[in-house]
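Just below is one structure, and these are the notes that go with it.
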Amino acid sequence: MGLNLDDKKAVVAEVSAQVANAQSIIVAEYRGLEVGHITVLRANARKAGVYLRVLKNTLVRRAVAGTPFEGLTDNMKGPLIYGISNDPVAAAKLLNEFAKGNEKLVIKAGALPNYVMDVAGVKALATMPSREELLSKLLGTLQAPIATFVRTLNEVPTKFVRGLAAVRDSKQTA
């Protein structure tokens, strides 16, 4: 049974709200994929914080009209599942990892704000570290000089105490 006009407006409003906060949209064809596999994919998407939904292409076209993701409308053909994420890498990683184990899920395209990617671009995006990983690497890089300085300062009294202990031990044995 199809959606009535009010339901369609509600879906467009919901997707528009997701797109307004999105950093990436990944589009994949799910033709022939079993319901159990899609359920697993949806569970993984919830854990990753990715909005994942099978939608009518015409409704998504209306939702992305006038947004930085409008260029993606040329790739909206066939039965598609949409992964929308606030993290630029999360949706690409999720769908790329799932597609490796399920050949029936075929990634079609993706988009970052004002930039449309082909399949190779989505796969390249999926190999990038996530925002949290990049922040932890940055923190480690910023923290390294300070930690080295503290270890260097700590070595002076430590060597002095070791020297005193060696003199004490040599006097006790003599």
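Here, each number is a calculation from the coordinates, and none is a lab measurement. Everything numeric here is computed off the predicted structure, so don't read it as measured data. Ideal geometry is used to build each Cβ from the backbone, glycine not excepted, and the neighbour counts take in all protein chains shown.
So if we plug the beta-carbon distance of residue 6 and residue 104 into 1/(1 + (r/R0)^6) with R0 = 45 Å, what FRET efficiency do we get, rounded to 0.05?
With R0 = 45 Å, the Cβ-Cβ based efficiency is 0.85.
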What list of ³J(HN,Hα) couplings, whole Hz, do you get for region 77-83 from phi and the Karplus terms 6.51, -1.76, 1.60, once you set θ to phi - 60° and write x for glycine and proline?
9, x, x, 10, 10, 10, x
Run down the lysines and flag those whose C-alpha is under 23 Å from the C-alpha of residue 171, throwing out any fewer than 8 positions away in its chain.
159
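Grab the beta carbon distance between residue 21 and residue 58, set R0 = 25 Å, and tell me the FRET efficiency rounded to 0.05. Let's see the in-between values first.
Working: r = 22 Å, r/R0 = 0.89.
The formula returns an efficiency of 0.65 here.
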Full-stretch length increase - residue 37, residue 172 - with 0.36 nm per residue and alpha-carbon distance subtracted:
41.1 nm
Residue with peak Gaussian network fluctuation, the chain [Cα springs, cutoff 10 Å], from 26, 38, 146
146
In nm, what is the difference between 0.36 nm times the number of residues separating residue 158 and residue 13 and their Cα-Cα distance?
45.7 nm
Unit-weight point scatterers at every alpha-carbon of region 16-104, Debye formula, q = 0.10, 0.11, 0.22, 0.24 1/Å: log10 I(q)/I(0) is -0.23, -0.28, -1.12, -1.30
Which of 89, 50 has the fewest other C-beta atoms within 10 Å, and how do the rest follow up to the most?
89, 50
Tell me, what is the FRET efficiency for residue 138 and residue 44 to the nearest 0.05, using R0 = 30 angstrom and their Cβ-Cβ distance as r?
0.65
With an 8 Å cut-off on Cα pairs and a minimum separation of 6 or more residues, tell me the relative contact order of the chain in percent.
26 percent
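Tell me which DSSP H helices of the chain clear both cut-offs, 24 Å or more of axial length from alpha-carbon atoms and a mean Kyte-Doolittle hydropathy of at least 0.0.
5-21
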Given Cβ charges of +1 for Lys and Arg and -1 for Asp and Glu, the option among 140, 67, 164 whose Cα lies farthest towards the positive end of the dipole of region 17-174 is 164
Could you order peptides 95-105, 162-172 by the average number of other Cβ atoms within 10 Å of their residues, highest first?
95-105, 162-172
